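The values are calculated or read from the model by the stated rules, or taken from the named source; none is laboratory data. In this text, all values refer to a predicted model and were calculated from it rather than measured experimentally. In this analysis, Cβ positions are derived from the backbone assuming ideal geometry, glycine residues included, and neighbour counts consider all displayed protein chains.
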Amino acid sequence: MSLKLELPTLQSWSCHNCSGCCRQHAIEVTEEERQRILDQNWTAADGVTGPVVVPMGGIFRRGHRLAHQADGACVFLDEKGLCRIHARFGEAAKPLACRIYPFAFHPTAKGVTVSLRFSCPSVVANKGKPVQDRRGELLGLAKAVVPEQLVEPLPPRISTKESVDWKDFARFVAALDAGFAETGTPFVQKLWRTLTWIDLIGQAQFGALKGNRIGEFLDLIVQSARMDVAELPTVLASPSKLNAMQFRLLVGQYARKDTFAADRSLRGRLRMLRASWSFARGKGNLPALQEGFREVPFAAVESVAGTLAPDAEEIFTRYFRVKIQGLHFCGPAYYDVPLVEGFQSLALVFPAVMWLSRWLAASAERGEFTTDDVARALAVADHHHGYSPLFGSRAFRRRVRLLAAAGDIAKLCLQYGG
């Protein structure tokens, strides 16, 4: 298949050596990469002690990953926050997983779309070189990621019962992107409108609709949603107690520190079980799940005020458009879920991040959240979104469907949208 790249149009990125990625991720290596690293003969004189590659996986899926230091950092991270492999042998000697971060590559009919992971603070801040100017570099990485013999993949399903060809699938993606590209409309309103017509898509049967008729259908329901959500309601019923609990459990999953460094002992597992119980109850104190999220009362989080500043709206708009343009929310890039369910899951990132932003503010004993809180909370949440196995589980998907069926995703977006 062709390796023509489709790049995000509004994102910049350069590495600023924060070393966060070298502390957050378990880097799986191929057998070839494992042997190459072993052949590099790292010793204590190089600042590397202990094993450099360790086993991972269970009985039915054995593999290897880079080892880590006691504080959770990669075994090759030096005291300056730089990679020892890179410094000694060059970037090409690093594992492919390290070289491609924070980019993500997804094959389509036209070639390969490129998305980015907002777990990188520089991606959130839109700092560095425009991604459009990295075409040559990204093409080289895409060739390393996408198998040369790969045949054209099937497009993601639209819903559990409906599928279209790639050309018509692109019409749905373009409609999603256009909704967030609109200027002069509050982000929450754009999100609400999109959820409104996405819900209709989930109920629709396309039958013989193809090509221009699909386009006309999309135009009709998008315009209908615009009229239905001409302005945001000032008063809205809250989600049911059951769905409020489901949302808190979802937030708790985003807030977890689920890396190799997580405590997987019996004590650690019991601690996570108690944390889940705390989120289910929604009373008492929140568990301190990772740095920055202190043990504070649930009531303190709910009492934090604030409104989305223009720069925070820009972050969310860019986040949604990059994920949509890169197909980083459905299909093989997101647990193979259909477009409708994938977007509903993506939409839930917004209220979850806003809740986490309030938790950060409450942890710092502030009564209002800031854009910095939003940026940090988004980096925490996107570390998991599309990558943690929990988010592709039946339980998580059932939670998303439950909230969507009750119309509570839109309610949560308004409730926590500032």
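Filter the range 102-124 for residues that are surrounded by fewer than 20 Cβ atoms within 10 Å (Cβ to Cβ) and touching a helix residue (DSSP H, G or I) at 6+ places or on another chain (Cβ under 6 Å); which is nearest to Ala381 (Cα to Cα)? Restricting to residues being surrounded by fewer than 20 Cβ atoms within 10 Å (Cβ to Cβ) and touching a helix residue (DSSP H, G or I) at 6+ places or on another chain (Cβ under 6 Å), the top hit is Pro121.
For (1) among the polar types (S, T, N, Q); (2) in contact (Cβ under 8 Å) with a residue 24 or more places away in the chain; (3) outside the structural domain of Ala379 (by TED's automatic domain parsing); (4) not in a strand (DSSP E or B), each residue gets a yes or a no:
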| site | (1), (2), (3), (4) |
| --- | --- |
| Asn17 | yes, yes, yes, yes |
| Gly50 | no, yes, yes, yes |
| Ile85 | no, yes, yes, yes |
| Arg99 | no, yes, yes, yes |
| Ala104 | no, yes, yes, no |
| Asp133 | no, no, yes, yes |
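For the range 388-406: of the residues being touching a residue at least 40 places away in the same chain (Cβ under 8 Å) and part of a loop (DSSP other than H, G, I, E, B), which is farthest from Phe247 (Cα to Cα)? So, considering only residues that are touching a residue at least 40 places away in the same chain (Cβ under 8 Å) and part of a loop (DSSP other than H, G, I, E, B), the one farthest from Phe247 (Cα to Cα) is Ser388. If you check Glu162 against the conditions, is it closer than 24 Å to Glu341 by Cα, touching a helix residue (DSSP H, G or I) at 6+ places or on another chain (Cβ under 9 Å) and modelled with pLDDT under 90? In short, no.
Number of residues in the range 125-162 that are among the hydroxyl-bearing types (Ser, Thr, Tyr) and surrounded by fewer than 13 Cβ atoms within 10 Å (Cβ to Cβ) equals 1.
For (1) part of a helix (DSSP H, G or I); (2) among the small types (Gly, Ala, Ser), each residue gets a yes or a no:
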position	(1), (2)
Val151	no, no
Ser159	no, yes
Asp168	yes, no
Gly184	no, yes
Arg193	yes, no
Ile201	yes, no
Ala208	no, yes
Glu216	yes, no
Ala230	no, yes
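Any residue at all in the range 317-334 that is part of a helix (DSSP H, G or I) and either in contact with a Cys (Cβ under 8 Å, 6 or more places away or on another chain) or farther than 27 Å from Gly111 by Cβ (or both)? No, the range 317-334 has no match at all.
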